1. Starting from residues that are touching a Pro at 6+ places or on another chain (Cβ under 8 Å) and within 15 Å of Gly66 (Cα to Cα), keep the ones in the stretch 18-40 and report whichever is surrounded by the most Cβ atoms within 10 Å (Cβ to Cβ).
2. Being more than 12 Å from Gly66 (Cα to Cα) and outside any loop (DSSP other than H, G, I, E, B) is the filter; apply it to the stretch 4-17 and report the residue that is most open to solvent (accessible area, probe 1.4 Å).
3. Looking only at the stretch 41-83, how many residues end up being exposed (fewer than 12 other Cβ atoms within 10 Å of the Cβ), basic (Lys, Arg) and modelled with pLDDT of 65 or more?
4. May I ask you to list the residues in the stretch 15-50 that are under 17 Å from Val63 (Cα atoms) and aliphatic (A, V, I, L, M)?
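The values are calculated or read from the model by the stated rules, or taken from the named source; none is laboratory data. Because the structure is predicted, anything quoted here is derived from the model rather than measured. Neighbour counts are summed over all protein chains in view; Cβ atoms, including those assigned to glycine, are modelled from backbone coordinates with ideal geometry. Surface areas here come from the heavy atoms of the whole protein model, side chains and all, with no ligands, DNA or RNA. Shrake-Rupley method; radii C 1.70, N 1.55, O 1.52, S 1.80 Å.
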Amino acid sequence: MLRNTSDRDGDEVVQLYVGGGPEEEAPIRSLRGFQRIHLRGGESREVTFTLGTDDLPKSAVEVSVGGGQPLASTPHVRVSWPR
């Protein structure tokens with residue numbers, strides 16, 4: 001759920017990253033989707049991404065969704081796959 005806690009209208013680019021993979025030189029994370037969302041002040045909206053099986057490595061990965069790369073200073077939702 002994306003929420004604009006301000007009283008001003010604004011835009012956010014919600015980004016979906018997949019991290020990990022079985023290859024030794026697999027990237028730390030790969031951008032697999034993004035959506036630019038406009039929210040009025042105080043508005044909330046659910047954001048949905050769809051991944052195909054080709055978008056996920058066959059080994060365990062971490063999926064992160066947030067407003068930028070998944071760094072300690074940027075809030076993200078993280079899920080490990082498979083669970």
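1. Result: Val18.
2. Let us first name the residues in the stretch 4-17 that are more than 12 Å from Gly66 (Cα to Cα), namely 4-11.
In the following step, the residues that additionally are outside any loop (DSSP other than H, G, I, E, B) were identified as 10-11.
Details: Gly10: 27, Asp11: 85 Å².
Here the answer is Asp11.
3. Residues flagged as exposed (fewer than 12 other Cβ atoms within 10 Å of the Cβ), basic (Lys, Arg) and modelled with pLDDT of 65 or more within the stretch 41-83 amount to 1.
4. Once the filter is applied, which keeps residues that are under 17 Å from Val63 (Cα atoms) and aliphatic (A, V, I, L, M), the stretch 15-50 yields Leu16, Val18, Ala26, Ile28, Leu31, Val47.
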